[in-house]
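Structure first, commentary second.
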Amino acid sequence: MNEAAHPIRANPLFAVLADWRTSEWPRWLFVIKVLLAAFLALWIAFFLGFDSPRSAMLTVFIVALPSTGMALEKSAYRLIGTLVGSVAALTLIGLFGQHAPLLFLALATWAGLCTAGAAYMRNARSYGFVLSGYTACMIVLPSINHPLGVFDVTIARVTEISLGILCYALVNDIFFPNHQSDQLVFRVRGLYTAFATLCRDAMRYRITREELEQRHLQISADATVLEAERLAALFEAGDIRLRSRKLHALYTATVATLTTFHTLHQLMERLRNRADSPIPALLQPLFEAFTDALMIGDEPARNAAEAEVTLGKLDLLLRGLPLICESLRAEHGAMLDTYRRLDLDTALELLQRFAAEYRALVAIYMALPNNRDRENEKDLPAPVYHSSTPRIIALAAGLRNAATLLILGFAWYALNWPSATGAVLLATIFCGLAASSPTPTRMIQAIMKGFLLGGPFAFICAFFILDRVEGFPMLIVGMAPFVAIGAYISTLPGRTGIGTGFNMMFAQMVAPENQMRFDIANFINDASAQIIGLLLASLMFALILPEHRVGSLRHTLAALWEEAERVCSAASVTLRHEFESRIHDLFHQLGLDGKPDATKRAIANQALTLLELGHAVISLRHELETQSFPVAVHDAIQRVVKRMSAFFHRPDETTRLATIAALDDALRACTEIPNAARLRAELHLLRVGLLDDPASLYKELPDVA
């Protein structure tokens with residue numbers, strides 16, 4: 001073909017326009033939506049005579065997100081949090097309205113409890129907890145000296161917030177909606193492709209151990225994001241609800257299969273590091289056959305039709321796999337000593353389990369586009385995700401927020417500086433909002449940059465533009481360019497906080513009302529109070545329990561060991577899923593994106609090892625519950641589980657050696673048991689894990705600096 005048949009290639013202008021459409025058009029579309037929703041909310045607030053029209057506009061800036069599902073999810077939890085916080089404020093004023101010190105204590109307690117809940121949940125629902133806390137503060141603090149007007153303040157707050165939410169939801173859903181469900185298609189395809197490619201490269205030994213761990217953690221993070229986006233998409237109309245169980249099943253299957261794959265690969269790496277082990281060479285043809293079944297050509301399946309082809313190839317492989325495994329055992333088992341035979345049996349058991357789990361994953365991936373198969377969805381796992389924030393972190397977040405409100409509240413009450421209310425509110429709000437972030441100071445600093453940038457623009461707009469215009473159309477003309485700047489900045493990668501802070505500061509300082517007031521002294525006082533409030537919020541994280549925050553390496557590491565210990569005794573039919581969810585959530589808290597430092601990598605390696613050991617313990621317990629074994633075997637396995645629990649609780653040399661001894665006893669007890677192949681595999685995995693580089697298993701921070 002010649003270039004004339006491809007006008008886009010032949011004409012540079014078309015190429016530039018195509019590039020602009022994919023990169024810049026979504027950003028400017030978001031800016032247009034924010035402008036329409038913000039000024040629609042402002043006009044309605046003016047028309048209805050609201051006391052603070054800027055609150056409706058400010059709500060638009062806060063809930064504005066490019067995705068319809070995420071915007072609706074945030075809006076819903078904001079509205080729920082506002083309603084709960086309003087009821088709490090009315091209750092507190094009713095009980096303690098005549099006693100300011102008691103009112104402060106009660107308000108601080110409420111704010112602390114809400115912040116603790118937000119830090120513990122650490123998902124979309126946590127935003128509702130935060131709103132419940134600081135909404136009560138926003139109503140109570142201005143009403144301390146005028147308690148009889150608290151009901152009017154509450155009604156105004158609820159109506160203004162509701163108006164902003166409704167306006168953005170309306171605009172975002174009518175004008176070129178960007179549905180979260182559409183983005184899930186690309187997320188699912190990317191997740192499946194990344195996993196299949198990882199399996200291909202690892203089974204053909206194309207990647208190093210470090211690359212494997214990095215890609216494992218990235219797939220885990222992508223799976224967690226998929227789960228969060230699925231929950232957000234439930235707020236949209238359409239057929240996403242029909243696919244919700246399948247999407248959750250895909251997430252569950254991905255993390256479970258990923259763990260089995262990592263365990264298999266780690267076992268093979270240990271065997272490859274032993275120069276005298278023949279097992280890697282024996283299993284390599286099976287790995288090649290499996291990778292051939294995964295690929296269409298040399299690429300993973302891209303759609304349901306190609307996934308069906310992959311599923312057929314995997315079914316064919318799985319039908320012949322048991323016979324191949326028995327043939328390998330019969331041909332080579334007699335030439336191997338006891339532990340090498342265990343290595344072979346364990347590797348074959350893991351390979352069969354991994355192949356079956358991956359086959360189930362492909363089946364879910366293939367079925368996702370089909371909305372008519374409703375009967376089979378009843379057997380899919382229920383959509384539940386388990387977060388794992390250490391309780392001490394949540395408690396510290398609540399205490400920090402309560403202390404912030406008490407310290408600054410009493411200081412404000414003593415200073416009698418009217419604008420200090422804004423400082424107290426901002427400090428309390430962002431101590432609550434940042435409590436769920438692994439980098440709270442960085443989050444607050446980003447918002448502060450937006451406030452510092454938005455302040456001068458607000459001054460220019462208020463005192464050089466708006467004081468010279470009349471009527472709402474001219475108000476839009478005067479404010480729109482500045483609002484567009486903030487909205488555009490928020491679409492830039494890594495600049496969301498700055499853009500949001502810009503528009504928050506701009507809306508509060510310009511303060512559009514039916515009767516505009518232009519008071520430079522008041523403007524400077526209020527702007528200074530806003531900045532001081534953010535500085536104080538950042539300072540509180542540095543002064544009050546600075547080590548107790550989400551992502552704390554010490555507490556995250558301790559939580560990993562607690563989760564491993566929990567699997568030895570917890571009674572739950574979904575124990576494996578809960579364990580995987582909690583461990584992967586702790587991965588997410590570590591902040592392993594980008595280039596994590598040596599300490600984070602060491603903790604991540606520990607987490608992967610604990611994931612392997614925990615899975616083996618869960619499988620042992622499951623075998624005991626579902627199979628019938630002789631009393632001696634049953635008692636030996638129970639002793640192993642108890643020893644593993646003791647090791648997870650206190651991983652020292654004594655408990656490690658005692659656990660290995662219990663494992664040896666259990667292996668001897670089930671040597672001749674015909675239905676104990678999986679038991680032997682799990683026991684051997686535990687033994688290898690405890691023997692292999694035991695110095696890598698810490699319960700304190702590793703000294704890798």
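The values are calculated or read from the model by the stated rules, or taken from the named source; none is laboratory data. In this text the structure is predicted, and so the values were computed from the model without any measurement. Note: ideal-geometry Cβ built from the backbone for every residue, glycine included; neighbour counts use all protein chains shown. Side chains included, ligands, DNA and RNA excluded: accessible areas come from the protein's heavy atoms. Shrake-Rupley method; radii C 1.70, N 1.55, O 1.52, S 1.80 Å.
Points to keep in mind about this one:
- Beta carbons closer than 7 Å, at least 6 apart along the sequence or on distinct chains, pair a first residue in segment 508-520 that is in a loop (DSSP other than H, G, I, E, B) with a second that is charged (D, E, K, R) for A511/R54; P512/R54; F518/D467.
- Residue within segment 506-518 that is within 22 Å of the chain's Cα centre (by Cα) and either at pLDDT 85 or above or within 18 Å of A256 (Cα to Cα) (or both) present: no
- Hey, A275 in a loop (DSSP other than H, G, I, E, B) and over 30 Å from L191 (Cβ atoms) or not: yes
- Within segment 542-570, tally of residues that are over 21 Å from the mean Cα position of the chain (by Cα) and among the small types (G, A, S): 3
- Selection status of I93, in a helix (DSSP H, G or I), over 16 Å from R400 (Cβ atoms) and under 32 Å from the mean Cα position of the chain (by Cα): no
- Residue check for A356: closer than 30 Å to R187 by Cα, among the hydrophobic types (A, V, I, L, M, F, W, C) and not in a helix (DSSP H, G or I): no
- Residues being surrounded by fewer than 22 Cβ atoms within 10 Å (Cβ to Cβ) and polar (S, T, N, Q) - total across segment 166-190: 2
- Taken over segment 537-576, the criterion of being open to solvent by 40 Å² or more (accessible area, probe 1.4 Å), in contact (Cβ under 8 Å) with a residue 60 or more places away in the chain and more than 24 Å from T115 (Cβ to Cβ) is satisfied by E565, S569, T574, R576.
- Qualifying position, being of a type in the set (A, V, I, L, M) and over 25 Å from A228 (Cα atoms), among L663, L608: L663
- Condition met for T193 (buried (at least 17 other Cβ atoms within 10 Å of the Cβ) and of a type in the set (S, T, N, Q)): no
- Selection within segment 83-96 - small (G, A, S) and open to solvent by less than 20 Å² (accessible area, probe 1.4 Å): G85, S86, A88, A89
- Lone qualifier among R54, R78 - being of a type outside the set (S, T, Y), modelled with pLDDT under 95, open to solvent by 50 Å² or more (accessible area, probe 1.4 Å) and assigned to a helix (DSSP H, G or I): R54
- Restricting attention to segment 251-267, the residues that are touching a Leu at 6+ places or on another chain (Cβ under 7 Å) and of a type in the set (A, V, I, L, M) add up to 3.
- Tabulated pairs, segment 281-306, first free of Cβ contacts under 8 Å to residues at least 40 places away in the same chain, second hydrophobic (A, V, I, L, M, F, W, C) and outside any strand (DSSP E or B), C-beta under 8 angstrom, 6+ apart or interchain: A289/L317; A293/L314; A293/L316; A293/L317; I296/V309
- For first residues located in segment 47-74 and hydroxyl-bearing (S, T, Y), partners that are open to solvent by 30 Å² or more (accessible area, probe 1.4 Å) and part of a helix (DSSP H, G or I) and lie 6+ apart or on another chain with Cβ distances below 7 Å form the pairs S67/Q183; T68/D173.
- Any hit, segment 441-448, residues being touching a residue at least 12 places away in the same chain (Cβ under 8 Å), charged (D, E, K, R) and open to solvent by 30 Å² or more (accessible area, probe 1.4 Å): no
- With respect to (1) closer than 16 Å to T441 by Cα; (2) at pLDDT 90 or above; (3) open to solvent by less than 60 Å² (accessible area, probe 1.4 Å), the lone exception for I532 is condition (3).
- Some residue of segment 340-359 being among the aromatic types (F, W, Y), surrounded by 15 or more Cβ atoms within 10 Å (Cβ to Cβ) and modelled with pLDDT under 85: no
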